[in-house]
There are 2 protein chains.
Amino acid sequence: MGKEYLGEFEELILTMVGALQEDAYGAAITEEIETRLKREVNLSAVHVTLYRLEDKGYIKSKVGGATNERGGRRKRIYTITSGGLAMLRNMKEARLELWKMIPQLKMSGQ
Amino acid sequence: MGKEYLGEFEELILTMVGALQEDAYGAAITEEIETRLKREVNLSAVHVTLYRLEDKGYIKSKVGGATNERGGRRKRIYTITSGGLAMLRNMKEARLELWKMIPQLKMSGQ
DNA sequence: GAAAAAAATCTACAGTGCAAGAAAACGATG
DNA sequence: CATCGTTTTCTTGCACTGTAGATTTTTTTC
């Protein structure tokens, strides 16, 4: 039955999978978060979260082809499913709704 | 040192405390969530979360006056602190930033 | 002062966040 | 072809967050 929301970190990782498209695999996601969001993340934290998201059906994966440059294990590429996208939409809707309730939050963004 | 974000449920409860102002106590928060957000919540889940938020300094509490109608223990009224408000702002900023990264999310809201 | 009401508190366990370390798969190089 | 450095995934374990069940406290009414 899956709950109607995700944890904070799960939401972040799911969003990155959607954002990175064909290039969504553990290491790249980690890097992207660190450079673009200036937030420290642990690589295995990302991996574990990817497994959990896949279990829940929000993303799916396939092992990437042999397009490696200099050694290294094959990448496991993740893509967001329609269910995953729907979940992100729901969470966004819910947040926008919530924020409306608290006037002190009005500011720059939006 | 407190992390730079909260869990999903903590965020919800913190927002409700901010929204309900002088009327933020366990039972009222629970009711408000059920009626306005159509989401089932357990009363003690709310209470436990309130304690944790208070521990972290995002809300503070005082026992309410004797303005009761028909029996019942005194309410513990919670109010959001400036730290709590700042946390909500940060989380909102971060989300807006995140959503920008994933075009498939563009829609109604905002 | 016993019963009923309203609310808070306690206890306990599953789910999520996170990190340290191990293992796998690959290219290069002697 | 053995082994070395690389790149990346996989395993394990524990602390923190989400949630429910049952209990206790405080207060009004009869």
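Quick notes
- Which numbered condition A:Thr49 fails, given (1) more than 13 Å from the chain's Cα centre (by Cα); (2) in a helix (DSSP H, G or I); (3) of a type outside the set (A, V, I, L, M, F, W, C): (1)
- When B:Arg89 is tested against (1) surrounded by 14 or more Cβ atoms within 10 Å (Cβ to Cβ); (2) within 13 Å of DNA strand C (Cβ to nearest atom), exactly one condition is not met: (2).
- The lone criterion from (1) among the hydroxyl-bearing types (Ser, Thr, Tyr); (2) assigned to a loop (DSSP other than H, G, I, E, B); (3) away from chain A (no Cβ under 14 Å) left unmet by B:Tyr5 is number (3).
- Screening A:Leu14 against (1) more than 12 Å from DNA strand D (Cβ to nearest atom); (2) over 30 Å from B:Ala19 (Cα atoms); (3) in contact with a strand residue (DSSP E or B) (Cβ under 8 Å, 6 or more places away or on another chain) leaves a single unmet condition, (2).
Only the coordinates and a few stated rules stand behind these numbers; no lab work does. Small disclaimer: the values here were computed from a predicted structure and weren't measured. Quick reminder, even Gly has a Cβ in these numbers, built from the backbone with ideal geometry, and neighbours come from all protein chains shown.
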